[in-house]
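Quick notes on the structure that follows.
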Amino acid sequence: MNKKKFQSFNLQEKSVLVRVDFNVPIKEGQVTDDTRIVSSLPTIQYLLDKRAKIILCSHLGRPKGTIVQKYSLEPVAKKLEFLLKRPVRFVKDCIGESVKKAVNECPSSEILLLENLRFHPEEEKNNESFAKELGSLAQFFAQDAFGAVHRAHASTVGVTKFLPSGSGFLLQNEILALQKLLQNPEHPFLTILGGAKVSDKINVIQNLLPKSESIVIGGGMSYTFLKAQGFQIGNSLLEEEKINFVKSLNGSKSKIALPLDHLVTEKIDSGSKANITQDQNIAQGWIGVDIGPKTILQIEKLISQAKTIFWNGPLGVFEIPEFSSGTVACAKMIAQATKKGAFSVVGGGDSIAALNFSGCAKDISHISTGGGASLEFLEGKALPGIEALQNE
Ligand code: AMP
């Protein structure tokens, strides 16, 4: 991708607007997972070394164009101060007079974080005058919010009309890793998809099927696949309207690995009765909530043979510890294979949570900070926030 990298501009003592993805979980005013903040540090550190004036902007949650205090970025400023061990200024808006003043008062080598962009409805509407106001705050723009580049918003697309614009280090790394999967993966290439819905993953299945030797389908989406092959799925998740799509993949049936057995329960609740099925069928009244031991062995074999692995989506209702074994085993097996030389990419909040929970996130080759964006990238779509950046 021939997009300008931010470090190719002369940023020495310049003011730089950086779109970061600080959409992090916050509980009682405290950031509970700082992965996304930590991932933005290399770009921020580079700009500090250049003695630039650093103006950070981000969204947080879905306040839908109004001020919702629980979505304020103020706790993130505190977390960033802690991580960088230096002061971070914060201003309670992202455009307007108070922001201009705060930007003017911010000296070079200092950081100013703006309030949540989505407190203004104009952000998600990609409103031109809002984008222009954002652009008026700096001399350069760096896009580092991979998790937001699949959206055409003012801070991802609109602003690039008003400033020389390039990709930050986080975005560069995301593009490099995901492009490797699409363009030159080492084979065998194994894709593992889980999560609730087939509909979210149709395009990625279509694009990755020809490139992968095998695709493992697990989680809630696997029951629609099993139903399409004539198995009984009891009361498990089903997307009836996707059965025809699944049948259309029949030509590639040998590449698609479905669960061989399941953990089933009568009720999706902690402590409710659960059994392992004998085979792929699930009896009436039972719900599939995790893959079973035979399936784990099947996936282990595929993972240990693979040279390239992409994983998105949990293989069961992993939020309930009794139903998390398949997802946790998958996280551990991918980490193990990576240590032995495979190239692994994991995307999606749930899969990353499973990696963190199992303590093996550090072993993965690339953890994508954007679940939706990484899926759209792998669907082969052009992402508007990347397209909008200057060409090299
Ligand atoms: P997604 O956002 O599509 O990746 O789906 C993630 C959700 O899928 C998680 O909240 C899981 O609890 C859910 N999920 C995974 N496996 C199952 C299953 N067998 N039945 C119901 N939900 C599931």
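Per DSSP helix of 4 or more residues, -39500 (n - 2.57); summed, then divided by the residues of the chain. What does that give at 222 nm, rounded to the nearest 500?
Roughly -9000 deg cm²/dmol at 222 nm, from the helical runs in the chain.
Using θ = phi - 60° and the Karplus relation 6.51 cos²θ - 1.76 cosθ + 1.60, list the HN-Hα couplings for segment 218-228 in order, rounded to whole Hz, with x at every Gly or Pro.
Result, rounded to whole Hz: x, x, x, 6, 5, 6, 5, 5, 5, 4, 5.
For segment 301-392, please report how many Lys pairs fall under 20 Å Cα to Cα, leaving out neighbours fewer than 8 apart on the same chain.
11
Could you work out the relative contact order of segment 1-108, using alpha carbon pairs under 8 angstrom and six or more residues apart, expressed as a whole percent?
Values: 109 pairs, mean separation 30.9, N = 108.
This gives 29 percent for segment 1-108.
Kindly identify segment 185-378 as rounded, prolate or oblate by the Cα gyration tensor criterion: order the square roots of the eigenvalues as a ≥ b ≥ c, call it rounded if a/c is under 1.5, otherwise compare a/b with b/c, prolate if a/b is larger, else oblate.
Note, shape of segment 185-378 comes out oblate.
With a 1.4 Å probe and all protein chains kept in place, how much accessible area does Lys5 have, in Å² rounded to the nearest 10?
80 Å²
Please report, in debye to the nearest 20, how large the charge dipole of segment 6-171 is about its Cα centre when each Lys and Arg carries +1 at its beta carbon and each Asp and Glu carries -1 there.
Here the size comes out at about 40 debye.
Among the aspartates and glutamates, select those whose C-alpha is under 12 Å from the C-alpha of Lys253, and discard any that sit fewer than 8 residues away in the same chain.
Output for Lys253: Glu213.
Determine the shape class of segment 6-171: with a ≥ b ≥ c the square roots of the Cα gyration tensor eigenvalues, call it rounded for a/c under 1.5, and otherwise prolate if a/b is greater than b/c, oblate otherwise. Mind dumping the intermediate values first?
On the way: a/c = 1.35, a/b = 1.07, b/c = 1.26.
Note, shape of segment 6-171 comes out rounded.
Each residue of segment 191-207 in order: what ³J(HN,Hα) in whole Hz does its phi give by Karplus 6.51 cos²θ - 1.76 cosθ + 1.60, θ = phi - 60°, with x for Gly and Pro?
Listing the rounded values in order: 10, 10, 10, x, x, 7, 10, 5, 4, 6, 10, 3, 5, 6, 4, 4, 6 Hz.
To the nearest 10 degrees, how steeply does helix 293-305 sit against the main Cα axis of the chain, on a 0 to 90 scale?
60 degrees
Could you tell me the accessible area of Tyr71 in Å² (1.4 Å probe, neighbours in place), rounded to the nearest ten?
Spelled out: Tyr71, probe radius 1.4 Å, area about 60 Å².
In Å², and per residue, what accessible area does segment 1-51 have when probed at 1.4 Å with the other protein chains present?
Values: 2520 Å² over 51 residues.
With the other protein chains kept in place, segment 1-51 gives 49 Å² per residue.
For the chain, what's the relative contact order in percent, using C-alpha pairs closer than 8 Å and at least 6 residues apart?
Worked out over the chain, it gives 16 percent.
What are the ³J(HN,Hα) values, in whole Hz, obtained from phi via the Karplus relation 6.51 cos²θ - 1.76 cosθ + 1.60 with θ = phi - 60°, for each residue of segment 332-338 in sequence order, with x given for Gly and Pro?
5, 5, 5, 4, 4, 5, 5
Against the longest principal axis of the chain, how steep is helix 74-84, in degrees 0 to 90 to the nearest 10, with axes from Cα atoms?
Computed tilt is about 90 degrees.
Of all DSSP beta bridges in the chain, what percent run antiparallel (nearest 5)?
Percent antiparallel among DSSP bridges in the chain is about 20.
Using a 1.4 angstrom probe on heavy atoms only, work out the carbon and sulfur share of the accessible area of segment 16-136 in %.
Of the solvent-accessible surface of segment 16-136, carbon and sulfur hold 49 percent.
On the protein heavy atoms, probe 1.4 angstrom, tell me the percent of accessible surface of segment 271-331 carried by carbon and sulfur.
Ligands and nucleic acids excluded, carbon and sulfur reach 56 percent.
Quick query: amide H of Ile256 versus all other amide H atoms, modeled in the peptide plane; which residues come in under 5 Å with a sequence gap of 5 or more or a different chain?
Counting only residues 5 or more places away or on other chains, the set is Ile215.
Which residue fluctuates the most in the chain, going by a Gaussian network model with Cα springs under 10 Å, if the choices are Ser248, Ser58, Ser236?
In this elastic network of the chain, the residue with the biggest mean-square fluctuation among Ser248, Ser58, Ser236 is Ser248.
Cross-link candidates for Lys132: which aspartates and glutamates have Cα within less than 18 Å, leaving aside residues fewer than 8 places away along the same chain?
Once the sequence-local aspartates and glutamates are set aside, what remains near Lys132 is Asp93, Glu97, Glu115, Glu122, Glu123, Glu124.
The values are calculated or read from the model by the stated rules, or taken from the named source; none is laboratory data. Computed from a prediction, not measured in an experiment: that's the story for all the values here. Every residue, glycine as well, gets a Cβ built from its backbone with ideal geometry; the counts of neighbours run over all protein chains shown. Just the protein is used for accessible areas: all its heavy atoms, side chains included, with ligands, DNA and RNA removed. Shrake-Rupley method; radii C 1.70, N 1.55, O 1.52, S 1.80 Å.
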